[in-house]
Every structure is written in C-alpha cells, then in structure tokens.
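Asker: Here it is, the structure, as structure tokens.
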Amino acid sequence: MQKRRMIISILISAVLPLGLDMFYENHLNTLYALFWIFANYLFIMTIWDRIEEYKKIFKLPNLRINKFTYILNMIYYFAFLIFLNVYFSYQMYLVDMEVLAKFSNPYILFAVFILFVVNLFYGKFPEKEEKENPRIYSMPFKGNFRNGIDKFGTVVGEYEDGLVLGTYYFPFDTMKSISINKEDEVAIRGKDKDGNYIVNIGARKSAVATMKVLLDAEKSGKLEKKVNNIKLK
C-alpha cells in the first residue's frame, strides 16, 4: 500500500511540471524540474499521511474534540502546495498571465506562513518515540516547534471509549495507572493489543484538558477509580 501510494504521489507530482514542459518550447532546467517535482512529492505525501491519520481519529464513535486545528492544518498544506505550483508555473512558463502574477506574489507566501504559525499555537501534537516496547508518546512542556505550541490545548479530546491526543487514541479500559512523574508530567501507563504504552503529558494546557477528560471518564464509570493515582480537580 505504501509503495503504491509513493508511485501515485510521484506521478501526480510530475504531471504539471512535465506537462507544461512538453507544451511550451522554453524547457525547464533539469535541476528546477527535479526540485519542483520533489517539492510536490513531499507535500502530497504529507497531505496523504495527514488525511489517513485524521480520518482514523474522525471515525471514532462519539468523538468530542475541537476539529478546527486539524482542518487548519490541512488548509495550510493545500495552500502551500497550490502556491508552489502557481509560482513555478508563472515563473517558468505563464509569465503573461496576470492572474497568476497576483497569486504568486511573495505576500501570498507570507500569508501562508502566518497561517502555519497560527496553526502551531492551537495545540501540541504528541511525539512517538521509535522504541516499541513500551511505546512512548510524549507531549513535553518544551519540545519540537513543528509539533505545535500548547497555547490552547485543542488536540486533546475524547471519544466513546477513550482519550484522544492528536492523532493517537487510548481506550480507558487499557489504562493501568495514571500518576504525576518526576518531570511533573501526567503519566499514563497502559497495555493494549499492540503491547505496553506510556503517555507523558508535560504541556500544561494539554495536561489540564487530559485530566478533565479522565475525571469525566471516572465519574461516568468508564475509567476505574483505582487506576487514577492522582487527585483530579
């Protein structure tokens, strides 16, 4: 499936650059053509991966989470992909098209970048470590900028049977203990069909949102009281 996706993405990435190159006499420099195709490929693969990840979350029963962050994330990737192709098409071939001149303006790129920065502030997505046993998911207080900034904690939510953190979900009945670790993070330990897992949430807004979800689950009987080793407020 992954190999098929890569082949399709490469073909889609090359359609516009090679199509315009065959139609117009002023052929692309090979280096420019490869860069254009490669840039398209990276964004298309990223968009494809994000759609698969988000679709998995959006299909969860009775999902309760702010979807705006996810939607804004997709808008950013599509906007940058469109700008990239408009810019190259205008610069290399369609220099007489005034409409493309307006949309390939550097101010448009700046606006897309601002959209990217705004998107980062809505929530920090968990980072999954390469280690598989146990699987470790982290939302540190300080971490990789590209994973987001925990300004509003909007990537924390719940569904009918568990907790949602970004593009991952954890059923309540797989949670074995909830505590505060030595790094002052909310630490969730559990075991599911794929093995043991650990979730460490140090980002403050996300930690508060997580504890609220767990408190509601405890009150409704979805989460056993003995699992929780910290006082939820």
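The values are calculated or read from the model by the stated rules, or taken from the named source; none is laboratory data. Keep in mind the model is a prediction, meaning the values are calculated, not measured. As a convention, Cβ positions derive from the backbone with ideal geometry for all residues, glycine included, and neighbour counts pool all protein chains shown. Note: accessible area is taken over every heavy atom of the protein model, side chains too, but ligands, DNA and RNA are not part of it. Shrake-Rupley method; radii C 1.70, N 1.55, O 1.52, S 1.80 Å.
Asker: For Lys219, go through the lysines and keep the ones whose alpha-carbon is under 18 Å away, minus same-chain ones fewer than eight residues off.
Answerer: Lys176, Lys231, Lys233
Asker: Oh, and also: Order 176-184, 7-15 from most to least packed using the mean count of other Cβ atoms within 10 Å.
Answerer: For the peptides 176-184, 7-15, the packing ranking is 7-15, 176-184.
Asker: Pop out the ³J(HN,Hα) list for the stretch 207-212 in order, Karplus 6.51 cos²θ - 1.76 cosθ + 1.60 with θ = phi - 60°, rounded to Hz; leave Gly and Pro as x.
Answerer: 5, 5, 5, 5, 5, 5
Asker: Further question: Quantify, in whole percent, the carbon and sulfur part of the accessible surface of the stretch 163-233 (1.4 Å probe; protein heavy atoms only).
Answerer: So the carbon and sulfur contribution to the accessible surface is 49 percent.
Asker: Next question. Please compare each pair in Lys56/Lys205; Lys131/Lys222; Lys67/Lys142; Lys67/Lys128; Lys56/Lys182; Lys56/Lys131 to a cut-off of 27 Å on the Cα-Cα distance and tell me which ones are over it.
Answerer: Violating the 27 Å Cα-Cα cut-off are Lys131/Lys222; Lys56/Lys182.
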